[in-house]
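K.L.:
Here it is, the structure, as structure tokens.
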Amino acid sequence: MEVAVAAARAAGHFIMEYWNREIEIEYKGEVDLVSHVDRGAEELILGHLRASFPDDCIIGEEGGEIVNESSRIWFVDPLDGTTNFAHGVPHFCVSIGLVIAGEASLGVVYEPTRDFLFVGDIDYGASLNGRPLHVSKTETLDRSLIATGFPYDRRTNPDNNMDRAGHIIRHCQGLRRAGAAALDLAYVSAGWLDGYWEDKLHPWDVAAGVALVSAAGGRVSDFHGQAINVSDGRCVATNGLIHPELLTHVQAGSHH
Ligand code: IPD
Ligand code: CA
Ligand code: CA
């Protein structure tokens, strides 16, 4: 936890040196962008992790990786919410998750613009800047604030979460597409959001957030209520109370 926190803070400070300044953007796909800030932050984080855990497997979004047979895998998203960052919108974070034997066990999500440090350990609970966190107590979807996101292939692939979102927005109190999956999950752990779902995610988007939600007493599953594998791409995370109801609507919205 200490190592991941130090790495996340270092990367956050590095990112803030470039925030709201003109930076050079490259395109990975039609709308999927990346910059030297994403890459620089990843290098910083991997340096910290490698130095302390030379035997662990480490996978970063921007290609930095050490792949081995270890049952401990670090998933690193050096800059989640990169589209926000590139436009100057102050909603992005650093996300570092540790999966042990398939279970998201530790999550550190650092939001540098607000100096919010979310830490979740499935054995010790979750905290924000050292203060314990717990998921919300909202009991119905009708009263819930929900978040989601849309995949980078949304312009060309009809399987783009639009129908599901169109369905669910009619059944909840509000629906947000804030643009950083790791923060969506961190905000569920803080009780600020009651639930979140998304499809076509990568393990570095969710590993830390899944650990956070679990550590804060919430529930995380795939779209059918089964235990989540962070590499599956599908995630439903809630305060637990609204989980069955959100699952029902995620499934109903998938058939439209
Ligand atoms: C993206 C964000 C976004 C989510 C996408 C992710 P990136 O990550 O988390 O909210 O909808 O699925 O790929 O590209 O900003 O690291
Ligand atoms: Ca991401
Ligand atoms: Ca990213």
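K.L.:
Please work out the Cα center distance from the range 189-256 to the range 148-188, rounded to the nearest Å.
P.N.:
If you average the Cα positions of each part, the centres end up 12 Å apart.
K.L.:
Among 186, 52, 83, whose Cα sits farthest toward the positive end of the charge dipole of the chain (+1 at Cβ of Lys/Arg, -1 at Cβ of Asp/Glu, about the Cα centre)?
P.N.:
Of the listed residues, the answer is 186.
K.L.:
Then there's this: By how many nm would the segment from residue 89 to residue 137 grow when fully extended, if each residue of separation counts as 0.36 nm and the alpha-carbon distance is taken off?
P.N.:
This chain segment gains 14.3 nm when fully extended.
K.L.:
Moving on to the next point. How big, in percent, is the set of alpha carbon pairs in the range 2-133 lying more than 27 Å apart? Mind showing how you got there, number by number?
P.N.:
Values: 1598 of 8646 pairs.
For the range 2-133, the share of Cα pairs beyond 27 Å comes to 18 percent.
K.L.:
With Cβ to Cβ distances under 13 Å as the rule, what net charge do the other residues near residue 219 carry (K, R +1; D, E -1)?
P.N.:
Here the count lands on -3.
K.L.:
Also, I was wondering about something else. Over the Cα atoms of the chain, what radius of gyration and what Dmax do you get, in Å?
P.N.:
Answer for the chain, Rg first and Dmax second: 17.1, 49 Å.
K.L.:
Name the residue from 169, 207, 227 whose Cα lies farthest towards the positive end of the charge dipole of the range 141-252, charges +1 on Cβ of Lys and Arg and -1 on Cβ of Asp and Glu.
P.N.:
169
K.L.:
Moving to a separate point now. Assuming a ≥ b ≥ c are the square roots of the Cα gyration tensor eigenvalues, decide whether the range 199-256 counts as rounded (a/c under 1.5), prolate (otherwise, with a/b larger than b/c) or oblate.
P.N.:
Oblate is the answer for the range 199-256, as a/c is 1.5 or above yet b/c matches or exceeds a/b.
K.L.:
At a threshold of 8 angstrom on Cα-Cα distance, excluding pairs fewer than six apart, so keeping six or more, what relative contact order does the range 2-133 reach in percent?
P.N.:
Contact order relative to length: 20 percent.
K.L.:
Show me the helices of the chain, taken as full DSSP H stretches, that run 24 Å or more along their long axis by Cα and average 0.5 or above in Kyte-Doolittle hydropathy.
P.N.:
none
K.L.:
Non-local amide H neighbours of residue 228 (under 5 Å, H modeled in plane, Pro and chain starts lacking H): which ones?
P.N.:
222
K.L.:
Now a separate question. For every helix of n ≥ 4 consecutive DSSP H residues, a contribution of -39,500 (n - 2.57) applies; sum these over the chain, divide by its total residues, and give [θ] at 222 nm rounded to the nearest 500 deg cm²/dmol. It would help to have the intermediate numbers written out before the result.
P.N.:
Working: 7 runs with 79 residues, N = 256.
Using -39500 (n - 2.57) per qualifying helix, the result is -9500 deg cm²/dmol.
K.L.:
Sum up the charges of everything whose Cβ sits under 14 Å from the Cβ of residue 23, counting Lys and Arg as +1 and Asp and Glu as -1, but leave residue 23 out.
P.N.:
Result for the local shell: -3.
K.L.:
Could you list the trypsin sites (Lys or Arg not before Pro) in the range 164-243 that lie in coil according to DSSP, counting only those with at most 13 other Cβ atoms within 10 Å of their Cβ?
P.N.:
Passing sites in the range 164-243 are 170, 177.
K.L.:
How large is log10 of I(q)/I(0) for the range 141-252 at q = 0.11, 0.15, 0.21, 0.22 Å⁻¹ when the intensity is taken from the Debye formula with one equal scatterer per alpha-carbon?
P.N.:
-0.28, -0.53, -1.12, -1.24
K.L.:
With charges set only on the Cβ (+1 for Lys and Arg, -1 for Asp and Glu), what does the dipole of the range 39-123 come to about its Cα centre, in debye to the nearest 20?
P.N.:
That gives a dipole near 200 debye.
K.L.:
Along the range 218-231, what does the Karplus equation 6.51 cos²θ - 1.76 cosθ + 1.60 (θ = phi - 60°) give for ³J(HN,Hα), rounded to whole Hz, x for Gly and Pro?
P.N.:
Whole-Hz 3J(HN,Hα) from phi for the range 218-231: x, 10, 10, 8, 7, 6, 10, x, 7, 3, 8, 10, 4, 8.
K.L.:
Take every DSSP beta bridge with both residues inside the chain and express the antiparallel ones as a percent of the total, to the nearest 5.
P.N.:
Around 80 percent of the beta bridges assigned by DSSP in the chain are antiparallel ones.
K.L.:
Return a whole-number percent for the relative contact order of the chain, with Cα pairs under 8 Å and 6 or more residues apart as the contact set.
P.N.:
Numbers: 634 pairs, mean separation 45.2, N = 256.
Worked out over the chain, it gives 18 percent.
K.L.:
Another question, if that's okay. Quick one: putting +1 on the C-beta of Lys and Arg, -1 on the C-beta of Asp and Glu, what dipole do you get for the range 137-224 around its Cα centre, in Debye to the nearest 20?
P.N.:
200 debye
Values in this text are rule-based calculations from the coordinates and carry no lab data. Owing to the predicted nature of the structure, the values given are computational and were not obtained by experimental measurement. Virtual Cβ from ideal backbone geometry, glycine too; neighbours counted across all protein chains shown.
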